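Below you'll find the structure, written out as structure tokens, and then a few comments.
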Amino acid sequence: MKRLVASFSSLLMILALSGAVYAAPYTWVDTIDWEPDQLIDWWDGFGYTHDLTDDTPVAFTPGEDLIFSYSLTVALYDDGGRWDFDEIAYINQPGLLNGGFYNFAYENQTFGWSLLGLISLNAYGQLDVDIISALGDFYLDYSVLTACGDNATAPVPEPATLVLLGSGLLGLAGFRRCKKS
């Protein structure tokens, strides 16, 4: 009876420790820095796309990797024109209640995420952004998209998985030897 309990406990421990590593936390960063800086004129707009699938050290793979959250940082500055009293810029992301007005008192400003933006990033690895001048003209300096999630690399078997496979093969060999005797 002790032998049966010990064998069963060993088998349960081996099964509990076996498995594969499927995902690792990762942060993808995509920076767009315009040279020269992009002028956005009165009541004009400018659209661009952040793409995480091509220029990060580890590219985002739609359908395999998963993004949980993201933030968008935009840097705008006044062109210094004489007739400008105040600038108002609206930063638009995909979805409803998704963007916000830019405050020119800061060097840059970070905007939160939107549900449709998160879906777009997970489905295609891309985020479309529009900057609209509601009043005044200004320059777009840079934009940074930071996305956090799981990088689903190829599954890597753990040593316990190999132990489980080896013990199963040894058990089959022992069973066959006992059956022949």
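The values are calculated or read from the model by the stated rules, or taken from the named source; none is laboratory data. What you see is a predicted model, and the numbers here were worked out from it, not measured in a lab. Virtual Cβ from ideal backbone geometry, glycine too; neighbours counted across all protein chains shown. The area values use the complete protein model at the heavy-atom level, side chains included, leaving out ligands, DNA and RNA. Shrake-Rupley method; radii C 1.70, N 1.55, O 1.52, S 1.80 Å.
Pairs under 7 Å by beta carbon, first residue free of Cβ contacts under 8 Å to residues at least 60 places away in the same chain in region 98-118, partner assigned to a helix (DSSP H, G or I) and not hydrophobic (A, V, I, L, M, F, W, C), six or more apart or different chains?
Matching pairs, first to second residue: 98/117.
I'd like the full set of residues that are of a type in the set (Val, Ile, Thr), surrounded by fewer than 17 Cβ atoms within 10 Å (Cβ to Cβ) and closer than 14 Å to residue 124 by Cβ, limited to region 40-67.
Of the residues in region 40-67, the ones of a type in the set (Val, Ile, Thr) are 40, 49, 53, 56, 58, 61, 67.
With the extra rule that they be surrounded by fewer than 17 Cβ atoms within 10 Å (Cβ to Cβ), the set shrinks to 49, 53, 58, 61.
Of everything in region 40-67, those that are of a type in the set (Val, Ile, Thr), surrounded by fewer than 17 Cβ atoms within 10 Å (Cβ to Cβ) and closer than 14 Å to residue 124 by Cβ turn out to be 49, 53, 61.
Going through region 22-41 one residue at a time, which ones are part of a strand (DSSP E or B) and closer than 16 Å to residue 137 by Cα?
Result: 36, 37, 38, 39, 40.
Among the residues in region 137-151, are any open to solvent by 30 Å² or more (accessible area, probe 1.4 Å), modelled with pLDDT of 85 or more and farther than 27 Å from residue 53 by Cβ?
Yes; the residues of region 137-151 include at least one that is open to solvent by 30 Å² or more (accessible area, probe 1.4 Å), modelled with pLDDT of 85 or more and farther than 27 Å from residue 53 by Cβ.
Select from region 68-79 the residues that are of a type in the set (A, V, I, L, M, F, W, C) and open to solvent by 60 Å² or more (accessible area, probe 1.4 Å) and list them in ascending order.
68
Here are 75, 59, 89: which of them is of a type in the set (Gly, Ala, Ser), modelled with pLDDT of 80 or more and assigned to a loop (DSSP other than H, G, I, E, B)? Talk me through it step by step, then tell me what you get.
On the way: 75 fails: assigned to a loop (DSSP other than H, G, I, E, B); 89 fails: assigned to a loop (DSSP other than H, G, I, E, B).
Of 75, 59, 89, the one residue that is of a type in the set (Gly, Ala, Ser), modelled with pLDDT of 80 or more and assigned to a loop (DSSP other than H, G, I, E, B) is 59.
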